[in-house]
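*Asks:* Okay, here's the structure, questions in a sec.
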Amino acid sequence: MGLFDDINRFLEIRLEEFLRTNPHLEFQALQEQLREQMQDTSKLIRDLETEKQVLEQKILDLGQEIKTWHFRIEKAKNASREDLAIAAQEREATLLRQGNQLWGQMEGVKQRLNQAKDLLAHIKQRQKEMKEQAVQFQTNVNATSSNWDTIGWNQGTNYPSRPAVDPLETEFQKIELNDELEQLKRNL
């Protein structure tokens, strides 16, 4: 495991260095990450809303069933059937416990739904900030690149000047001068 951890750490460091030297890629990576988070959060919200609707329907159905058993309790009591009334009361109590559990689940889903909506709003705000930063970054890049385009034209050169006397150049000039003198002598 130590080797894999070392390799993973090395790659993470190299990636961080690469992104620092290429900040435009870091912006793109962050924007992609935010886009993925937004998609995941939107899907989570849809799933939680569906779950909430299912739980609400189950609670309504259970409420109807509780109502039915409540009337059965009254019928059993009116018919002087205490054994049926007690069994119906036990059934009603079981259904009420189930209803309480469903209600608690629905409240938990509502809480998670609100948290997911808050997270989505935060992600949208962060995306907006990233877009503004990307525009600012692009403006800075454009300003920098236009400066680089004109640097050589607006400034003097700082190239080192050639030495006044280059010994190699002097030797070749002597040879070339001697050759020209020899050529002139032959022509005369």
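The values are calculated or read from the model by the stated rules, or taken from the named source; none is laboratory data. Keep in mind it's a predicted model, so treat the numbers as computed, not measured. Note that we place each Cβ from the backbone using ideal geometry, even for glycine, and neighbour counts take in every protein chain shown. When the accessible area is computed, the model is the full protein with side chains, heavy atoms only, and any ligands, DNA or RNA have been set aside. Shrake-Rupley method; radii C 1.70, N 1.55, O 1.52, S 1.80 Å.
*Asks:* Can you tell me the accessible area per residue over the stretch 1-99, all protein chains present, probe 1.4 angstrom, in square angstrom? List each step's numbers first, then the result.
*Replies:* Working: 7600 Å² over 99 residues.
For the stretch 1-99, the solvent-accessible area averages 77 Å² per residue.
*Asks:* How far apart, in nm, are the 7 Å Cα→Cβ label points at Thr68 and Gln115?
*Replies:* Rounded to a tenth, the inter-label distance reads 3.6 nm.
*Asks:* Solvent-accessible area of Arg72, probe 1.4 Å, all protein chains present, reported in Å² to the nearest ten, please.
*Replies:* 110
*Asks:* Can you give me the distance in nm between label points at Glu90 and Lys128, each placed 7 Å from the Cα along the Cα-to-Cβ direction?
*Replies:* If labels sit at Glu90 and Lys128, their model points lie 6.0 nm apart.
*Asks:* Report the chymotrypsin sites (Phe, Trp or Tyr not before Pro) located in the stretch 1-79 that are in a DSSP loop and have at most 14 other Cβ atoms inside 10 Å of their Cβ, or state none.
*Replies:* Working: sites: Phe4, Phe10, Phe18, Phe27, Trp69, Phe71; in loops: none.
Passing both the DSSP loop test and the Cβ count: no residue.
*Asks:* Rounded, prolate or oblate, given the Cα gyration tensor of the stretch 1-144, with a/c below 1.5 counting as rounded?
*Replies:* Numbers: a/c = 7.90, a/b = 3.05, b/c = 2.59.
In terms of gyration-tensor shape, prolate.
*Asks:* Under 15 Å from the Cβ of Arg20, count the other residues' Cβ atoms, weight Lys and Arg +1, Asp and Glu -1, and hand me the total. Don't skip to the end; give the middle numbers.
*Replies:* Details: positive: Arg14; negative: Glu12, Glu16, Glu17, Glu26.
It works out to a net charge of -3.
*Asks:* Measure off, as a whole percent, the carbon and sulfur share of the 1.4 Å-probe accessible area of the stretch 1-117, all protein chains present. Provide the component values of the computation, followed by the final result.
*Replies:* Numbers: 4740 of 8870 Å².
That fraction is 53 percent.
*Asks:* For a paramagnetic label modelled at 7 Å from the Cα of Met38 toward its Cβ, which residues of the stretch 112-126 fall within the zone defined by backbone nitrogen distances under 13 Å?
*Replies:* Output list for this probe position: 120-126.
*Asks:* Same structure again: Check the stretch 1-123 and count each lysine pair with an alpha-carbon distance under 27 angstrom, considering only pairs eight or more places apart or from different chains.
*Replies:* Lysine pairs, 8 or more places apart or on different chains, close enough: 14.
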